Amino acid sequence: ADVCMLVLLFGFGLEEKYNAYTGKRKCEAPVDKVTSVLVKDTEKIISLTSEVDALKVPDNNQVLAYWLSNSAMLLKLLQHTFTSAAIPASRGCMGGDVVSSLEIQMQVDAKCPATLFKQQLIGFLEKMYITIRENLKIEVFSLLRLCTQAPQAQENNVPQQDLTGHWESIVERLSSYLNLMKANNTPPFLVRKLITQIFFFINLQLLNSILLSDDCCYFVNGEYVEAGLAKLKQWCIEATDEYVGSAWDELSHIRQAAGFLQAIIQKQEMTLDKITRELCPVLSIRQLYRISALYFDDIYDMSSVSSDVISSMMIRLIDDLTDGVRSDFLLEDDLSNPFTVEDLSKSTEQGDVNDIDTLALIHENPSFSFLLTCGEGSSS
């Protein structure tokens, strides 16, 4: 269990854990003393978790990101270290040599205190992630309300270049959080999960606003929303797939809705089959019917899709009701935790420790000097 205690040590920087363990193992009852150490760690995690609610303001995102990154790394190390059955170690504590914790691949039997500690650490990590996610949602939501209806530039004397200013503000928020995650060395795996969920949140907020509003379903608004989405696409390209993953795909509903608002101008060429198969395969019949029913355009003096298409939509809606198909047209937010410990453990990202002078760091921090001699007298 030397490896287990070393991992815990690196996670919290308290050498007493290791000293307590190595000193106790020479006594007759090492289990009791190791248990007390782990119980104290568990209590500390519980205390930190209970304090997270007080950090739900943007000014504390730096603190949240720091703990998210460190708890993720510690949990990943624990996941690779613990196993349900002990595997005999082929090496001593550290053989008198300094070995990076990332290089230690031995696994040890995870007893009850260590398992409890791990469970509390998982809860702590999830709390950090969810709090950061909700903070970003709050900031983005205040701007999304201004992105669902195109400003009337001529009536309000709004300069053309300022028409997408609200979208630029959303991009700035996304960049701010991304840079914060990078600065704290947050695993890209977690960053991708965060950005993906935020993009789905943007998707549902924009689509639901259009479906519920009487004055959003017109041609110019489709152009306005599509122009804003283009800025998000450009941001994804600049942020790279390493950090955004498939986030752009989460905007499929609003992208297709914006395209539909612009395509209605070609209503004579439209059939329901073309709409559902080519133009808007993700949108449900009820969502398409809602947009078509609300559509108006005083500027271009255009009506909605043809009456034949509307009739076909109504027939499909009746068929769906008869077959018991769910008819809700609003999207629902995903409040779940989008990853598991196994997902985090299997993520390929690993910190680069090749340029770290481990010996120099230990000499600079006397409290870790025991690592230089931990193999002496403790291999019995």
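The values are calculated or read from the model by the stated rules, or taken from the named source; none is laboratory data. These numbers were taken from a predicted model, which means no experiment stands behind them. Quick reminder, even Gly has a Cβ in these numbers, built from the backbone with ideal geometry, and neighbours come from all protein chains shown. Calculation scope for accessible area: heavy atoms of the full protein, side chains included, ligands and nucleic acids excluded. Shrake-Rupley method; radii C 1.70, N 1.55, O 1.52, S 1.80 Å.
Here are the numbers:
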quantity: From Arg326, Arg286, Arg290, Arg316, residue being among the basic types (Lys, Arg) and exposed (fewer than 14 other Cβ atoms within 10 Å of the Cβ); calculated: Arg326
quantity: Selected residue (only one of Phe219, Phe201 is open to solvent by less than 20 Å² (accessible area, probe 1.4 Å), within 28 Å of Phe329 (Cα to Cα) and not acidic (Asp, Glu)); calculated: Phe201
quantity: Residue count, segment 98-141 (criterion: at pLDDT below 90 and either closer than 20 Å to Leu206 by Cβ or not in a helix (DSSP H, G or I) (or both)); calculated: 11
quantity: Output for segment 291-322, where each listed residue is among the charged types (D, E, K, R) and within 14 Å of Val220 (Cα to Cα); calculated: Asp297, Asp298, Asp301
quantity: Sole residue being surrounded by fewer than 13 Cβ atoms within 10 Å (Cβ to Cβ), modelled with pLDDT of 65 or more and farther than 30 Å from Leu272 by Cα, chosen from Ser307, Ser336; calculated: Ser336
quantity: Residue that is nearest to Ser175 (Cα to Cα), among those in segment 235-261 that are surrounded by fewer than 16 Cβ atoms within 10 Å (Cβ to Cβ) and without any contact (Cβ under 8 Å) to a residue 24 or more places away in the chain; calculated: Glu238
quantity: First in segment 273-301 and more than 19 Å from Asp328 (Cα to Cα) and in contact (Cβ under 8 Å) with a residue 60 or more places away in the chain, second anywhere and outside any helix (DSSP H, G or I) and open to solvent by less than 70 Å² (accessible area, probe 1.4 Å), Cβ under 6 Å, 6 or more apart; calculated: Tyr295/Cys217; Tyr295/Ser304; Phe296/Tyr218; Asp297/Tyr218
quantity: Pairs, first closer than 14 Å to Leu194 by Cα in segment 327-347, second acidic (Asp, Glu), C-beta under 7 Å, six or more apart; calculated: Asn337/Glu126
quantity: Residue, modelled with the lowest pLDDT, within segment 262-289, restricted to residues that are of a type in the set (S, T, N, Q) and closer than 17 Å to Ser303 by Cβ; calculated: Gln268
quantity: Filter result (open to solvent by 40 Å² or more (accessible area, probe 1.4 Å) and not β-branched (Val, Ile, Thr)) within segment 119-144; calculated: Gln119, Gln120, Glu126, Lys127, Glu134, Phe141, Ser142
